[in-house]
Amino acid sequence: MFGQKLTRQGFYNAMQKTKSHLGNAYHQTKNFLGHVDNGYKVAKKIYSILEPTITSLTGNNTIHNGVMKAVSGYDEFKHKVIHKHDEIENHVRGVSNKFKKAGLSIGLD
């Protein structure tokens, strides 16, 4: 690998493999996080149904306050992830445009 002549085709092949690996990782992660988010939504709905009973049985709002703190933390984390995702998409789009201007097409868009 080292010491080999870097050709346009070799560079293109390396970029395609890198794109493929990153794309697969991206889609698998997005799929996993979608499942996590669906589980969160189901748990939140179940809690909203059970919350009056839990509060009446415990006699205080300690559990409710803890759950609401966790919900707030999850929503804040999800917002940060979505914001970073948008930043990365913009960055990738910018890199792709720079490659296009240089006459290279690596198919990032």
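A compact table of results
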| read-out | value |
| --- | --- |
| Residue identified as surrounded by 10 or more Cβ atoms within 10 Å (Cβ to Cβ), β-branched (Val, Ile, Thr), without any contact (Cβ under 8 Å) to a residue 60 or more places away in the chain and in contact with a Leu (Cβ under 7 Å, 6 or more places away or on another chain) among VAL36, VAL71, VAL95, VAL67 | VAL95 |
| Subset of region 1-35 [more than 21 Å from ILE82 (Cβ to Cβ), assigned to a helix (DSSP H, G or I) and charged (D, E, K, R)] | ARG8, LYS17, LYS19 |
| Options GLU87, GLU76, GLU51: the member that is acidic (Asp, Glu), assigned to a helix (DSSP H, G or I), surrounded by 13 or more Cβ atoms within 10 Å (Cβ to Cβ) and at negative phi | GLU51 |
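Values quoted throughout were computed directly from the atomic coordinates according to the rules given, and no laboratory measurement underlies them. Because the structure is predicted, anything quoted here is derived from the model rather than measured. Cβ coordinates were reconstructed from backbone atoms using ideal geometry, including for glycine residues, and neighbour counts include every protein chain displayed.
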